Amino acid sequence: MRRYAMLLAALALSATACSGVTGDTTTTSASTTTPVDTTASTSRVPSSTTGPSAGLTRPPDPPARTVGIGDEYFPQLGNPGYDVEHYTLDLVFDPEAARLGAVATIEATALADLDTVNLDFTDLTVSAVFVDGAAAGFTAADEELTIAPAAPLVAGEGFVIDVEYSGTPQSTESAAIPFGIGWQTVGNQHYVAAEPDAAHSWFPANDHPLDKATYTFRINVPEGVVAAANGTLVDRLTDLGRVIWVWELDSPMASYLATVVIGDFEIVEDPAAAEAAGVPIRHVLPVGTTVADWPGLERQGEMLAFLAELFGPYPFDNYGIAIVDGLGAALENQTLSLFDSNLARSAYFEDVLIHELAHQWFGNSVSLGQWSDIWLNEGFASYAEWLWIENERGRDQMEQLIATERDSYDGAGLTAPGVPPAFDLFNRSVYRVGAMTLHALRLTVGDQAFFEILRTYAMTFTDQSATTPDFIAVAESIAGVALDDLFEAWLIEPKVPEFPNG
Ligand code: TRP
Ligand code: ZN
């Protein structure tokens, strides 16, 4: 589901960024240097060059240079030309062998006439592809699955792709973060932490937050194994010694936030927290543990009510966290944030509970139009930590803490939060100086305007994507003053500014 003007820009861009198709490394077709129209998703592949298996399953030429959705930091990610509405991930998982057999069903609408459709996908093996029920040709290369439907797709019309695939999903390297992400197997726990670019290492996707979609997860596991995912558990079917856990997520979600958590877990409802929050709270906890075993977690409902007061209504149908081993961090997967079990036992647990919860508004409901704006996620979630401290210990202590951090900030050569290096997106500056940027805004415009800005921004871009200029425009319209100098100084200039006098 894509409701964002950048798409048009991306399409315009890819329409002009012509390159020739220079050959085909994965099919038996003769290589061709025929220059064709170039977009990864729209190139017209001359059928005479597509090799022996003509007809329904002709293999398409993989694009020599793929064109993504238009993200400067991830030129290959995403694809223009179509808009996904819904993913259904039918997963059969064998925990012992850590083996996955899957069918991904992708319901989408063509935004252009398409001879071929590209999905981001890598690492697992595709055995068959169907478009609208008919077998389709496909090639997998360069993290792209290029699909040739039997009949071209027509602009404005819906289509359904089924991708059958299997393999042992594995942690993968990211271009942007210095540790392995994606599917993690740690002991007998299996879970997904994909931000920013690893969703397509476990399911075929239009892997960019510009194309959000709703999800159904059907996870078939042996009896006794728990399988959770984003959203609401709507069914649990038993089938010959196996159980199919069916989870539905009705709010649009960026692909990197899709997760499954499989293993010796328990799904624990917290009615008291739900009462405080006004939405169901369900956690996925290591088997044998309850909320009381994770001190701090009992405040999750209260935290949700607190943030809803400041940011506007909680954007989704439910919330909770999964506590897992070996993640080494926490991640705000939509409606089901993941926490490392050691982190959940640490003194920082409450801070991080607030942080990941705040991402549900900033990052998940309002998601990024482009990855270089990552401070819109991490700066905001980090600022929420300070808001919680203000709530707990008062404004003076919070001000002191921020001033001390500002004065002792050692960026160690990091760039300003608005211009992070593509290879180190989640650096400390993005989080901490990003949060300070919001504090500087608050001191400049006053509390009332500041919280109105946050609420208006959250509401205006609910279930959509936004950019830094979008946020600045909301801030300026509410504050009634020009703020570009302030944002320029905090987000772009290398030196961390002084706070204005509040
Ligand atoms: N967004 C996470 C946070 O809130 C950081 C993060 C990005 C992450 N990618 C990750 C954590 C992958 C675990 C795994 O801080
Ligand atoms: Zn974060």
Residue in segment 168-184 that is out of contact with any Ser or Thr (no Cβ under 6 Å at 6 or more places or on another chain), within 24 Å of Ile267 (Cβ to Cβ) and in the same structural domain as Leu257 (by TED's automatic domain parsing) present: yes
Looking across segment 427-462 at residues that are among the polar types (S, T, N, Q) and surrounded by fewer than 21 Cβ atoms within 10 Å (Cβ to Cβ), the single one that is nearest to Gly411 (Cα to Cα) is Thr444
Test Ser382 against the criterion of being outside the structural domain of Asp463 (by TED's automatic domain parsing) and of a type in the set (S, T, N, Q), and give yes or no. no
Meets criteria (under 27 Å from Gly320 (Cβ atoms), crowded, with 21+ Cβ neighbours inside 10 Å and modelled with pLDDT of 95 or more) for Glu356: yes
Counted residues in segment 393-435 being in a helix (DSSP H, G or I), out of contact with any Ser or Thr (no Cβ under 8 Å at 6 or more places or on another chain) and of a type in the set (Ser, Thr, Tyr) come to 2
Mind telling me which of the residues Ala344, Ala403, Ala422, Ala381 ends up being of a type outside the set (Lys, Arg), exposed (fewer than 15 other Cβ atoms within 10 Å of the Cβ) and closer than 25 Å to Leu327 by Cβ? Ala422
Kindly indicate which of Thr168, Thr146 is touching a Lys or Arg at 6+ places or on another chain (Cβ under 7 Å) and either surrounded by 15 or more Cβ atoms within 10 Å (Cβ to Cβ) or in contact (Cβ under 8 Å) with a residue 24 or more places away in the chain (or both). Thr168
Select the strands (runs of 3 or more DSSP E) contained entirely in segment 304-383, then report the ones holding at least 3 residues which are over 25 Å from Ala422 (Cβ atoms) and more than 10 Å from ligand 1 (Cβ to nearest atom). 321-324
Taking only pairs six or more apart or across chains, which ones have beta-carbon atoms under 6 Å, a first residue in segment 416-429 that is not assigned by TED's automatic domain parsing to the domain that holds Ile181, and a second residue that is more than 14 Å from ligand 1 (Cβ to nearest atom) and small (Gly, Ala, Ser)? Ser429/Gly411
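Using the structure shown, decide if Ser365 is at pLDDT 95 or above, away from ligand 2 (no atom under 11 Å from the Cβ) and not basic (Lys, Arg).
Yes, satisfied.
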Could you list, in sequence order, the residues of segment 485-502 that are assigned to a loop (DSSP other than H, G, I, E, B) and among the small types (Gly, Ala, Ser)? Gly502
Show me the strands (runs of 3 or more DSSP E) entirely contained within segment 142-254 in which 1 or more residues are under 13 Å from the mean Cα position of the chain (by Cα). 181-186, 189-193, 213-222, 242-253
Where Glu332 falls short, out of the listed (1) within 13 Å of ligand 2 (Cβ to nearest atom); (2) over 22 Å from Met436 (Cα atoms); (3) touching a residue at least 40 places away in the same chain (Cβ under 8 Å): (2)
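Could you list, in sequence order, the residues of segment 281-303 that are outside any helix (DSSP H, G or I) and touching a Gly at 6+ places or on another chain (Cβ under 8 Å)?
Ile281, Arg282, His283, Val284
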Tell me whether segment 337-357 contains one or more residues that are in contact (Cβ under 8 Å) with a residue 60 or more places away in the chain and not charged (D, E, K, R). yes
Tell me, yes or no, whether segment 304-319 has at least one residue that is surrounded by fewer than 20 Cβ atoms within 10 Å (Cβ to Cβ), within 13 Å of ligand 2 (Cβ to nearest atom) and in the same structural domain as Ala277 (by TED's automatic domain parsing). no
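Taking the conditions exactly as written (among the acidic types (Asp, Glu) and either assigned to a loop (DSSP other than H, G, I, E, B) or within 15 Å of ligand 1 (Cβ to nearest atom) (or both)), does Glu390 satisfy them or not? Spell out how you get there, then give the answer.
Working: among the acidic types (Asp, Glu): yes; either assigned to a loop (DSSP other than H, G, I, E, B) or within 15 Å of ligand 1 (Cβ to nearest atom) (or both): no.
Answer is no for this residue.
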For segment 179-196, what are the residues that are over 19 Å from Val225 (Cβ atoms) and more than 16 Å from ligand 2 (Cβ to nearest atom)? Gly180, Gly182
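The values are calculated or read from the model by the stated rules, or taken from the named source; none is laboratory data. Since the model is a prediction, treat every value here as computed from it, not as a measurement. Note that we place each Cβ from the backbone using ideal geometry, even for glycine, and neighbour counts take in every protein chain shown.
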